[in-house]
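The values are calculated or read from the model by the stated rules, or taken from the named source; none is laboratory data. Because the structure is a prediction, the values reported are computed rather than measured. With ideal geometry, Cβ positions are generated from the backbone for all residues, glycine too; neighbour counts draw on all protein chains shown.
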């Protein structure tokens, strides 16, 4: 059935708003990659202006009127159709957006941009005190944001919904309690016999060369992607054929390879969204948790597997022949998989990583409940000792290590471990459908994995809520047991 004229009008309005959102993404990408440091103040104003314009256009009365006119028609369309999904998800976004004054949106954007710059400097100096006023400002803004909505059973639900729609804090607590119950003893037991990490001097340029060899096999193409360096790796989609990934390549390890694989997973999700959804609110992942399921799948379930390294370790050793002369494939495999609790989340092994996330999830709830931010480093350090058994030497390796709070992104951290959980469920289902996964990876072939993920998950973009999307992919709700089984099995044989 041909959509009514109102749908075409709505599509034109949403496309223009989407363009503004992507312009903001491009400005933010530039800020974190190649912008001169002194450009931060003007960039903050630019981001605030674009964000305000996008918000004002989206909450315009005409959008509301178009949605009211279209909802009866959309209800008669197949639920999974692009048209019904655009109307349904736009209505959900609109009902949230009209509660937030454009002035507050602009203020949060501007403050977040300036706070990011303050965080970079504070982290460099390992000086939490200089960053604390900015964090206090961001938390105050988040309280004002939460106050825009009807009281929730748990106020944190409002923050979580921005990143994992329709997911309740109570459900996350239940999942994380199950993870913590199993992972604390597992990490404690396994960490004592871990193979030491392979260290040396690994030139960043050579790491980049190898990373590109890997991600080109995964699906990176030079005509639709680019890769750059950033202090905190991230991926950004300016369009389904304009994928920006960033990485960091510290030369005392080969962690850069895994950072690049991780961000490539994010990029593949955005790249695989159906072309029909371009320039709509649905042209992105269903949630950050599902997004993280893809980055962790490619980084860990592929990139830390035995078949992968049976294919690529000879190449790695060829490039770093002197540095890896005494490191055989088995030692390398154990070194990248054994549990060894450490200070830094993005460098953590698969098992202890989740304890980093649970710590932040619990801290964010305490912060929103009124924790004195002067005490935050001390509380952070105490929880690191309790959960991971490590002592924090300074703020840069502790409370300042992550960029998220500088941007006011409270509610974001839980999605990382939710993504880990979902990655194992998706991987298990994919292996049932693609029978010779290990054999393909051992040959350096990843097309079948990529295409299965694209067909079953990526093409849908954001047409459905995350729980609905996961149900379509794996046939059931989020479940931590496959992930726990995966970790326990892997550590038993590693």
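Quick notes on this structure:
- Entry remark, the stretch 51-91: residues being in contact (Cβ under 8 Å) with a residue 24 or more places away in the chain and in a helix (DSSP H, G or I) number 24 in total.
- Residue check, residue 15 under 26 Å from the mean Cα position of the chain (by Cα), in a helix (DSSP H, G or I) and surrounded by fewer than 18 Cβ atoms within 10 Å (Cβ to Cβ): yes
- Qualifying positions in the stretch 102-128 - closer than 19 Å to residue 55 by Cβ and loosely packed, with under 15 Cβ neighbours inside 10 Å: 103
- Taking the listed residues 131, 149, the one that is in contact (Cβ under 8 Å) with a residue 40 or more places away in the chain, surrounded by 20 or more Cβ atoms within 10 Å (Cβ to Cβ) and in contact with a helix residue (DSSP H, G or I) (Cβ under 9 Å, 6 or more places away or on another chain) is 131, with no other qualifying.
- Boolean, residue 110 is farther than 30 Å from residue 460 by Cα and modelled with pLDDT under 95: yes
- Scanning the stretch 448-494 for residues that are outside any helix (DSSP H, G or I) and loosely packed, with under 15 Cβ neighbours inside 10 Å yields a total of 3.
- Residue satisfying condition, being within 30 Å of residue 273 (Cβ to Cβ), more than 18 Å from the chain's Cα centre (by Cα) and modelled with pLDDT of 95 or more, within set 227, 175, 243, 238: 175
- Residues that are in a helix (DSSP H, G or I) and either at pLDDT below 95 or surrounded by 13 or more Cβ atoms within 10 Å (Cβ to Cβ) (or both) within the stretch 316-329 comprise 316, 317, 319, 329, listed in sequence order.
- Any chance residue 51 is in the same structural domain as residue 103 (by TED's automatic domain parsing) and under 27 Å from residue 247 (Cα atoms): yes
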